[in-house]
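Chemist: Pasting in a structure now, in structure tokens, and then I'll have a few things to ask.
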Amino acid sequence: MRARAIPAIVAVTAVALATVPLQRTSAHPDDALPRRAVLPTAMPSPLFPAVPKVGSGYRAPTAAPSSPAIVGVTQQPFVGIALQDAVAMALLRNPNLAVSASNLRIARYRVVQAKGTYDVQLQLEPSSSFSVTPGENIFFSGPGEVGTHECINPFPFATPYPCQEEGPGNVIQHQSSFQYGITGTTRSGMAYSAGITQTRTYNNTLINSFNPYYQASLNLSVTQPLLRNFGINAARRELKLSLINADSNAAQALIDASNTISQVEDAYWNLVAAWRSVAIEQEALKEAVIQQQSNVRLARRGAAAPIDVVESQTQVSTFQDNVFAALQTVSELQTQLKSLIVTSPNDPIWHANLVPSSPALQLPSAGDLDAIVALAQRYRPEVRQAQDQQQQADLDRAYARNQALPEADLQVQYMSNGFAGLLAPVPAFEEASCANNPAGVCPTPPPNTQGKMAMAYHNLWAGAFPAFNVSFNVSFPLQNGVARGLMGAAREEERQAAIQTQGVQQRITFEARNALQSYQSALSRLYASSQSRQAAEAVYASEVRKFNRGASTTFLVLQRQVELEQARGRELQAQTDLNKAVVELQRVEGTILSENGVNLQTLGSKALTP
């Protein structure tokens, strides 16, 4: 026996030695420290600010409960509204969507405006001029008048003698012309023009062979850039930018539509929850009233203390306050939903007491995170906007590279002149000169030049008097600051586009994570809150039965009522969060637009009431 006890004594001694510290530790009491607390201990004395007296003698006024009605609406009958009807009304009447659709139409009109640069321009220019100038000499003058003046005697030392001669007259010219033609440019940068000018000229100068004479000229001109402004120029850049801007505005309209649909659906399901919350609070109030009436009966029989009646009455008042608060939430959510689906303050829907009639959303088969991100990258309008910004940066870079090239333009011009006129009388001095010719008469112009405007047009189309010109113009700015500035701006735009694209991808990723997590969490919370509500109902029913048998108290019954009301509220909130999580999941995926049939042509088309 002693042999067996020795090991046990050794083990106990070793444990005791290991427990007792060999040196002082930080937690070991010091000799300088008190061995016990000194009572009473000093109370802390924080410095509180002085509180002024505000509204001396104030007390809550005596107020009677108001009517449990929603302000501004007809209380009965209720007006049911389906979720799809609310979304459809928002797509047609929402003012923000109407502005987005208007911006899209403006952007499309900008495209039409940019295309107007390539419109064919028709030019018409009639003109008429009249002038009278004095005759400077006998060759450049009009028919003169016969007058008497001193003539020089050809004999030496002879005195002048009076004679009569015809002097130079005034030159009278009347010219009327009509110019018409077309001009324009092509998208490759080529400028072209084609025009005809017809002129009738009356000129009484003596040496003119024709009076009046007619001219008709055809002018064809083509200028083609070969380096700078070839393929892309300022006009074509503006056209492409307007197309990109129109596409970006279309994407923005889809973004606004997606956000508006999400807001409408969230407000709709919040309104569903609000009405159900009113029902929950009314049911809790009804149960509290029944309990209060039971306590009154028990108190009258002496089976319960009068304070139990007061306690149950407090619970009734609390639940009554909750009912009014729930009705206030219904009123606010109705106003929020109506502001999303109508735009006119005189719309009859403002007077409707709206009650959602759609069932709970059918739960989608939510895929994994990668599938949601892939759908979002395919259908989200934000991705389209990022691509538009990248296209704009690429366009500006291409334009900057083109502007850095030398300007080399090839210009080709062709002119066909047509001429005709009526023969003018030959002056006397010219006839005298022509008398020395072998034929004895003055030569006459060719027959194809004699006639009026019709003959001038004939000569025009026949190419009787053609002219042709080809030129090649080259220029290059030495500093070329325009091109360098454009290139620098284009590089910054590309950097911004890359940053925006990266930001969109990142936003899609974390929105997809949050949406999927919210959806899965809402499912789990709904299951848990449903189990909790069922358990709270069972506990409350059991507590009522125990109270009726005298095995419970009023406090416990009222506590179970509060717990049941809270459990019902949590289940309702979980169901609402699940519906909203489904909406958010559709928005993140981008499928919310196709599932609601968004049409940009009719978006906001009924926002203005006649």
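Chemist: Given points 7 Å out from each Cα along the Cα-Cβ axis, report the SER66 to ARG301 separation in nanometres with one decimal.
Modeler: 4.2
Chemist: Quick one: net charge of LYS580's neighbours, Cβ under 12 Å, K/R +1, D/E -1?
Modeler: -3
Chemist: Return the tail of the calculated pair distribution for segment 472-610, meaning the percent of Cα-Cα pairs more than 21 Å apart. Mind dumping the intermediate values first?
Modeler: Numbers: 6865 of 9591 pairs.
The share of Cα pairs beyond 21 Å in segment 472-610 comes to 72 percent.
Chemist: Compute the projected area of the convex hull of the Cα atoms of segment 436-506, averaged over all viewing directions, and report it in nm² to one decimal place.
Modeler: 14.0
Chemist: Full-extension gain between GLN293 and GLN336, please, as 0.36 nm times their residue separation minus the C-alpha to C-alpha distance. Please list the in-between numbers first.
Modeler: Working: separation 43, 0.36 × 43 = 15.48 nm, distance 3.92 nm.
Result: 11.6 nm gained on full extension.
Chemist: Sticking with this one: At 7 Å along the Cα-to-beta-carbon direction for both TRP350 and SER605, put a label point, then send me their distance in nm to one decimal.
Modeler: Placing both labels 7 Å beyond Cα along the Cβ direction yields 2.6 nm.
Chemist: Multiply the residue gap between GLN531 and GLN362 by 0.36 nm, knock off their C-alpha separation, and tell me the result in nm, one decimal place. Walk me through the numbers on the way to the answer.
Modeler: Values: separation 169, 0.36 × 169 = 60.84 nm, distance 2.09 nm.
Between GLN531 and GLN362, full extension yields an extra 58.7 nm.
Chemist: Now for a different question. Between CYS442 and GLN559, what is the label-point separation in nm under the 7 Å Cα-to-beta-carbon projection?
Modeler: Each label point lies 7 Å from its Cα, and together they span 13.6 nm.
Chemist: Assuming 0.36 nm per residue, please report the length gained on full extension of the stretch LYS53 to ASN170 beyond their Cα-Cα distance.
Modeler: Residue separation times 0.36 nm, minus the Cα-Cα distance, leaves 31.1 nm.
Chemist: Output wanted: per-residue J couplings in Hz (rounded whole) for segment 206-223, from phi through Karplus 6.51 cos²θ - 1.76 cosθ + 1.60, θ = phi - 60°, x for Gly and Pro.
Modeler: Along segment 206-223, the couplings run 4, 7, 5, 7, 10, 7, x, 10, 10, 10, 9, 10, 9, 10, 10, 9, 9, 10 Hz.
Chemist: Okay, next question. Mind checking the log10 I(q)/I(0) for segment 319-398 at q = 0.16, 0.21 Å⁻¹? Debye, one equal scatterer per Cα, no solvent, two decimals.
Modeler: Each listed q maps to, in turn, -0.88, -0.98.
Chemist: Could you please report the charge total around ALA512, scoring K, R as +1 and D, E as -1 over all other residues with beta-carbon less than 15 angstrom from its beta-carbon?
Modeler: Charge balance near ALA512 sits at -1.
Every number in this text was worked out from the coordinates using simple rules, so none of it is lab data. Predicted, not measured: the structure shown is a model, and the values here were computed from it. A quick note on method: Cβ atoms are made from the backbone with ideal geometry, for glycine too, and the neighbour counts reach across all protein chains shown.
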